[in-house]
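Below: the structure, in structure tokens.
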Amino acid sequence: MDISELFKFNEWWETKKVNESHIKTYKRYLYLKLLKFLPDRQMILITGLRRTGKTVLLYQLIQHLLDAGVSPRKILYFSFDEENFDIKEVVEAYKINVLREEFNQVDKIYLFFDEVQKVEDWENKIKVYYDLYPNLKIFLSGSASLTLSRKSKESLAGRIYDFNLMPLTFKEFLEMKRVRATFEDARLLNQKISLYFSDFMRKSGFPEIIDEIDDEKIKYYIKISVIERIIYRDIPKEFGKVDIGLLETLINLLFSNPGLVLNIESLSQDLRRNKRTIMNYIKYLESSLLINTVKNFRPSVLASSRKNRKIYPKTSSLVFSLVDKFEGNILGKVLETMFCTEVSPKYYFRKNKKEIDFLLLKEKEMIPIEIKQKVSGTDMKKFISIIKKLNLKKGIILTLDCFGVYEEDVKILIYPVWVFFLFKERILKNL
């Protein structure tokens with residue numbers, strides 16, 4: 001390969017620092033966690049939805065190494081997102097033209113490979129270098145989370161640490177806006193923080209657009225930079241030839257109806273496709289991190305895993321890219337979507353037309369969570385009735401802006417959703 005292909009990614013070989021536009025000023029929580037694993041032998045794999053900051057995170061780690069005194073030419077970064085090269089081509093070109101030494105003659109070398117899932121058989125090619133050269137510290141990133149994690153576990157067991165960079169959280173969003181809130185002042189700050197929360201609904205997950213004020217630009221960014229790149233490039237690259245029209249139809253359906261209960265047979269009939277095809281395409285969307293799934297809780301794990309899964313878009317901003325405004329019935333579903341993103345619940349409950357939005361498992365205790373724009377007396381009675389039938393004593397109702405406590409036969413805490421996102425552990429402890 002042409003050595004210029006390497007130099008365009010590795011400006012620190014000449015400047016001795018990463019370009020400031022690449023590293024930003026804010027560091028995600030995962031950055032601090034990863035610093036603890038830098039001295040370890042194992043590779044580091046970072047997966048996550050497109051545009052959530054994986055590349056920035058890699059650049060920040062590179063700058064940390066440079067600040068720590070690592071020689072710039074002992075750090076290689078390469079992105080396979082746009083470039084059609086093989087790992088061996090990149091590594092050998094780097095060794096011959098930049099390092100100019102054999103790997104076993106150098107004390108420590110750092111290799112950063114971005115969007116590595118684009119390389120065929122990447123896991124076995126990486127394993128060769130890992131096994132041959134103990135002085136290599138290898139960092140990998142990719143957007144096809146399920147596939148990457150599966151391949152890393154199958155081929156790189158014991159050789160790799162797997163981390164998921166989640167979409168930008170509301171707490172991180174506030175920190176980037178330099179806004180602070182305490183649990184004790186939550187009521188006092190409710191009106192102020194609620195404005196930021198409404199802003200976050202439209203942009204959730206993506207650091208690059210937190211200061212954008214134009215709704216059309218926000219929608220365009222998400223459609224072009226996230227959805228279309230996954231549909232037209234990532235999924236076909238990972239899974240081979242696909243029906244783009246079917247992918248678009250499923251995305252429009254799922255993003256316009258957050259919390260849709262997945263009925264493969266019904267979808268198969270409506271879309272006139274066989275059930276196996278529908279199931280595969282749902283897996284494609286799940287692997288690309290565009291959707292979350294929540295299981296209907298049953299005592300039998302097998303039963304809960306197979307039937308009536310709910311599908312939520314990965315972030316509420318994905319919903320915003322397709323709808324005009326967050327108002328009416330869609331707003332409650334958007335709040336559920338945000339809860340899925342921030343909290344990653346595994347279960348909801350539905351039986352005989354009785355339903356609880358989410359069930360959290362806290363140690364051996366089960367905490368029911370209901371999400372409403374506003375909570376009425378009827379809502380409270382229904383919630384309490386279901387809690388009692390499940391032989392539970394506690395529950396939480398999350399709303400847009402309401403606070404409250406109900407204590408009779410059961411204890412119910414009522415909070416705005418944003419308060420739960422910022423102070424979840426405190427609230428669960430108080431329940």
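Give the residues of the stretch 73-83 that are surrounded by fewer than 21 Cβ atoms within 10 Å (Cβ to Cβ) and in contact with a helix residue (DSSP H, G or I) (Cβ under 8 Å, 6 or more places away or on another chain), sorted by residue number. Spell out how you get there, then give the answer.
Within the stretch 73-83, the first condition is being surrounded by fewer than 21 Cβ atoms within 10 Å (Cβ to Cβ), and the residues that meet it are 73-74, 79-83.
If the condition is that a residue be surrounded by fewer than 21 Cβ atoms within 10 Å (Cβ to Cβ) and in contact with a helix residue (DSSP H, G or I) (Cβ under 8 Å, 6 or more places away or on another chain), then 73, 74, 79, 80, 81, 83 are the ones that fit.
Looking across the stretch 108-131, the residues that are part of a helix (DSSP H, G or I), under 29 Å from residue 69 (Cβ atoms) and not hydrophobic (A, V, I, L, M, F, W, C) come down to 129, 130, 131.
Every condition in (1) within 19 Å of residue 51 (Cβ to Cβ); (2) over 18 Å from the mean Cα position of the chain (by Cα); (3) of a type in the set (D, E, K, R) is met by residue 229 except one, and the failing one is (2). The residues on offer are 178, 187, 202, and the sole one that is surrounded by fewer than 19 Cβ atoms within 10 Å (Cβ to Cβ), in the same structural domain as residue 240 (by TED's automatic domain parsing) and under 27 Å from residue 23 (Cβ atoms) is 178.
Restricted to the stretch 279-296, and to residues that are of a type outside the set (D, E, K, R) and surrounded by fewer than 21 Cβ atoms within 10 Å (Cβ to Cβ), which residue is modelled with the lowest pLDDT?
First pass over the stretch 279-296, keeping only residues of a type outside the set (D, E, K, R): 279-282, 284-285, 287-294, 296.
Still in the running and surrounded by fewer than 21 Cβ atoms within 10 Å (Cβ to Cβ): 279-280, 282, 292-293, 296.
Details: 279: 96, 280: 96, 282: 96, 292: 96, 293: 96, 296: 93.
This residue is 296.
Pairing residues of the stretch 301-321 that are modelled with pLDDT under 95 with residues that are of a type in the set (Phe, Trp, Tyr), at Cβ distances under 6 Å and at least 6 apart in sequence or on separate chains, gives 304/297.
Within the set 367, 371, 291, the sole residue that is in contact (Cβ under 8 Å) with a residue 60 or more places away in the chain and in contact with a Leu (Cβ under 6 Å, 6 or more places away or on another chain) turns out to be 367.
For the stretch 14-37, the set of residues classified as under 21 Å from the mean Cα position of the chain (by Cα) and among the charged types (D, E, K, R) consists of 24, 27, 28, 33, listed by residue number. Could you give every pair whose Cβ atoms fall below 6 Å, whose first residue belongs to the stretch 174-197 and is in contact (Cβ under 8 Å) with a residue 40 or more places away in the chain, and whose second residue is among the β-branched types (Val, Ile, Thr) and part of a helix (DSSP H, G or I), counting only separations of at least 6 or pairs across chains? As it stands, the answer is 181/193; 186/419, since those pairs meet every condition given.
The values are calculated or read from the model by the stated rules, or taken from the named source; none is laboratory data. Being a predicted model, the structure only gives us computed values, none of them experimental. Don't worry about glycine lacking a Cβ; one is built from the backbone with ideal geometry, like all the others, and counts go over all protein chains shown.
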